Amino acid sequence: MRDLLMLFALIGMIPMILKKPHIGVLLWAWTALLGPNNLMYGIAGSIRYNLLFAILTFVSMIINREKFKFRMGAITAIMFLFVIVTTISTYTAITDAEVVKSEWEKFLKVVVFFVIVGMVMTTRLRLHSLLLIFCISLGFHGFAEALKFLATGGGHHIFGPGKSIIGDNNHFALAMLMLLPLTIYLFRYSKEKVVRVSLIGLFVLLSIAVIGTLSRGGLLGMLAVGGWALLRSNKKFVAIILLVPLFLGLLALAPDKWFDRMDTIEEADQDRSFMGRVISWKMATAVALDHPFFGGGFHAIQGDLDIWLQYSERIHFLDFIPTREPDTKRAHAAHSIYFQVLGDHGFLGLFLFLLILAGAWLNTFHVMRHTQRKPDLKWAGDMAYAVQLSLVAYCVSGAALSMAYFDLSYGLIAVTIILRRIVNQRLATDNARRSF
Amino acid sequence: MEAIFFLLDIIVLYLILLWSLRADFQPPGETPKGVFGYKDNPDEPTVTARVSTRRTPGKRGKDGS
C-alpha cells in the first residue's frame, strides 16, 4: 500500500522537478530527513530516492532558463576547506575500516546539498517552502512518536527511526528541538488558519516528543533555547507568560521515570552514562594530539575496537579529570559534535567547523540587525532569529551528541547565507538609490 | 497507524510542492496565495480557506435581495 502510494506520488513529482529545480531540492531535503526507505517494505523501499532527486535537480538546473549562480562567500569557502581536510583525513585515517569512506561519502552528499540549497533556494518563497519541508519530514517522526507516547500514558520510550542519524533517543530529541523555532516562525507567518492550527499542534507534539525521549541533553537544550529566546525578546514579560505555562504543561505530561532520569543531571560525575561520554572525549583528544592537523578520519574512535583499545592506554595524561577505566568490549562514539570533529579531523578540522558555526551565527545577527527598520524585510529578520534558536539547540545539546554531520544543521547554515545575501542585495539597492 | 501518518505526510508534501511550484511562477514581489500562503507581516489578520457566499449589506439591491 505504502509502496504503491510512493510510486504513484513519484510519477507526479518528476515533471514538477523538471519544471522548477527548487522542487527537487525540497524533495531532496524531504528524503534526507524523513528516510522514506525505512517506512516501505516492497519494491519502492529499494529505490534510492535521495540520489534520484539529486540527479533530477541537477538535470532541471541545466535545462531551466533561470540562471543559477554559484557564489563563493566566506562560509562556503571555509566549508570547501573543511571538505579538503575531511578528504585528507579519510585517506590518512588511522583505521582502514569501510566505515571511514562510507561516512566521508555521506558527508560529501550533505555538502553537495548545502551548495545546491545556496544556489537554488534564493527567494523568500523557496526558503519558506524549505522550512515547511523540514517540519513535515523530521516532524513526521516526532508527530507519530508523540502520539504513541500520549496513547500509552507516557509509557512509550521515544527513539528515532532505526538506522538513521536520529535513531538514538538523544539525537532524536535534538532534531525535534531544532524544529521547534521553525514551527513557531511558520505559525506566525502562515496566512491560513488550518495551517496555523496544524503548526501549533505540531509544536506541542514535538515538545512532547522531546520529553518522551527521556533525554537529559534534550532538557538542557530546551532550557537553552527558552533562555536565549527570553534573553533576546523585546517583550520579556509576554515571553515568560507564554513559556512558563508551556514548560509546566510539558512537565505535567512527563512520566515519573523522566524525573528520575533528570535528577541524575546533578550527579553527573557519578553517572555511568555521562562519565562514558567523558572517556570518549578523552579518547578523541588523544587521537587529535597524535594527529593534530587531520585527525584520525571519520569514526576515528568508534570505527575500530583495536584503535579504541590502543588509545585506552594513552589517555592517562588526562587523569586530572577522574573517570573509570574505558570499556574493553566495544568502541564508543565521540558523543559530542566538537570532540567528534576533533578526533575525526584534528585541530584544523575543529577550527574550520567552529568557523562555519560562528559564521552562520554572525549571519543571523547581521540579518536581524539590518532588518529592524525595514518592515518589508521583517520576515528575513524573524526567519534568521528562528534559525539562530535552532543553532542554539544544536550547539548546546550537540555538545554531548555525535551529530557533527547532521543534514539539517548544514541546511540551516545554508539558509543563513541566503538570508544574508537577500538583505545585502537590498541594502546595496537602497544605498544606490540614496546616492543617486 | 504509521501507514496513515505516512499517507498524510505524502498528501501534505504534495500540497506544499504544488503550492510552491505555482507560486514560483507568480511575478516577483507578489505575495504567494493559496493554502500555504504567508503574510508580509505577522500582525496581518489570519484568513480561512472558506469561500463566503453571503453578500455584504452595502451591495444589496433596493428590494433587499
Exercise for the section: Let me know the mean shielding of A:187-199 by other chains, meaning the per-residue number of their Cβ atoms within 10 Å of its Cβ. Expected result: 5
Handout entry: 222 nm mean residue ellipticity, helices alone, for the protein assembly as shown (DSSP H n ≥ 4; -39,500 (n - 2.57); rounded to 500)
Key = -23000 deg cm²/dmol
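Would you please give the FRET efficiency between A:I11 and A:K236, computed as 1/(1 + (r/R0)^6) with r the Cβ-Cβ distance and R0 = 56 Å, to the nearest 0.05?
Details: r = 52 Å, r/R0 = 0.92.
Approximately 0.60, to the nearest 0.05.
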Exercise for the section: Give a residue-ordered list of calculated ³J(HN,Hα) values for the range A:35-44 (Karplus: 6.51 cos²θ - 1.76 cosθ + 1.60, θ = phi - 60°; whole Hz; x for Gly, Pro). Expected result: x, x, 4, 6, 9, 10, 10, x, 4, 5
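For chain A, rounded, prolate or oblate, judged on the Cα gyration tensor with a ≥ b ≥ c (square roots of eigenvalues), a/c < 1.5 rounded, else prolate if a/b > b/c? Don't jump to the answer; show the numbers that get you there.
Details: a/c = 1.38, a/b = 1.22, b/c = 1.13.
Note, shape of chain A comes out rounded.
Calculate the FRET efficiency for A:F68 and A:H157 from the Cβ-Cβ distance with a Förster distance of 51 Å, rounded to the nearest 0.05. If you can, show how the numbers build up before the last one.
On the way: r = 45 Å, r/R0 = 0.88.
It comes to 0.70.
Give, in whole angstrom and from largest to smallest, the semi-axes √(5λ) of the equivalent ellipsoid of the range A:1-150, with λ running over the eigenvalues of the Cα gyration tensor.
27, 23, 16
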Practice task
Report the residue, chosen from A:P322, A:P36, A:P181, that carries the largest GNM mean-square fluctuation when chain A is represented by alpha-carbon nodes joined by springs under 10 Å.
Solution key: A:P322
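Which entries of A:K378/B:K39; A:K191/B:K33; A:K193/A:K374; A:K191/A:K378; A:K148/A:K257; A:K235/A:K378 show an alpha-carbon separation above 19 angstrom in the structure shown? Intermediate results must be reported in sequence, preceding the final value.
Values: A:K378/B:K39 11 Å; A:K191/B:K33 9 Å; A:K193/A:K374 26 Å; A:K191/A:K378 16 Å; A:K148/A:K257 17 Å; A:K235/A:K378 17 Å.
From the list (A:K378/B:K39; A:K191/B:K33; A:K193/A:K374; A:K191/A:K378; A:K148/A:K257; A:K235/A:K378), the Cα-Cα distance tops 19 Å for A:K193/A:K374.
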Handout entry: Highest-MSF residue in chain A out of A:A384, A:A333, A:A144 [GNM, Cα springs under 10 Å]
Key = A:A144
Exercise for the section: Could you work out how far the C-alpha centroid of the range A:39-54 sits from that of the range A:364-382, in angstrom? Expected result: 39
Practice task
With a point put 7 Å past each Cα toward its Cβ, work out how far A:H366 is from A:D327 in nm, to one decimal.
Solution key: 4.2
Exercise for the section: At most 16 other Cβ atoms within 10 Å and a DSSP loop assignment: could you name the chymotrypsin sites (Phe, Trp or Tyr not before Pro) in the range A:297-362 that fit? Expected result: A:F320
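Assuming R0 = 30 Å, can you tell me the calculated FRET efficiency for the pair A:L246 and A:D376, based on Cβ-Cβ distance, to the nearest 0.05? If you can, show how the numbers build up before the last one.
On the way: r = 31 Å, r/R0 = 1.04.
About 0.45, to the nearest 0.05.
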Practice task
Describe numerically, in nm with one decimal, the distance between label points set 7 Å from Cα along Cα→Cβ at A:D430 and at A:L289.
Solution key: 5.1
Exercise for the section: Any chance you could check the Cα centroid distance between the range A:394-408 and the range A:123-190 for me, in angstrom? Expected result: 15
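How high is the relative contact order of chain A, in percent, with contacts defined as C-alpha pairs under 8 Å that are six or more residues apart?
Details: 605 pairs, mean separation 86.9, N = 436.
Result for chain A is 20 percent.
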Practice task
Could I have the simple spin-label model distance between B:T48 and A:F320, label points 7 Å from Cα toward Cβ, reported in nm to one decimal?
Solution key: 6.7
Exercise for the section: Be a star and scan the range A:317-333 for residues whose amide nitrogen sits under 18 Å from the point 7 Å along the Cα-to-Cβ vector of A:D306. Expected result: A:328-332
Practice task
Under 18 Å Cα to Cα from A:K106, which lysines show up? Leave out anything in the same chain fewer than 8 places away.
Solution key: A:K163
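Sorted from fewest to most neighbouring beta carbons within 10 Å, what does the list A:W228, A:W104 look like? Spell out each step's value before the answer.
Details: A:W228 18, A:W104 22.
Least to most surrounded, the residues fall as A:W228, A:W104.
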Practice task
Report the trypsin sites (Lys or Arg not before Pro) located in the range A:224-265 that are in a DSSP loop and have at most 14 other Cβ atoms inside 10 Å of their Cβ, or state none.
Solution key: A:K235
Handout entry: Hypothetical label at A:F259: residues of the range A:138-173 whose amide nitrogen lies under 16 Å (7 Å Cα-Cβ projection)
Key = A:154-155
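Tell me which trypsin sites (Lys or Arg not before Pro) from the range A:1-74 have a DSSP coil assignment and no more than 11 other beta carbons within 10 Å of their own. Could you put the intermediate results ahead of the total?
Values: sites: A:R2, A:K19, A:R48, A:R65, A:K67, A:K69, A:R71; in loops: A:R48, A:R65, A:K67, A:K69, A:R71.
Those that pass, being in a loop and sparsely packed, are A:R48, A:R65, A:K67, A:K69, A:R71.
Computed from the coordinates by the stated procedures, all read-outs in this text should not be read as laboratory data. Small disclaimer: the values here were computed from a predicted structure and weren't measured. Here Cβ is always computed from backbone atoms with ideal geometry, including for glycine, and neighbour counts include all displayed protein chains.
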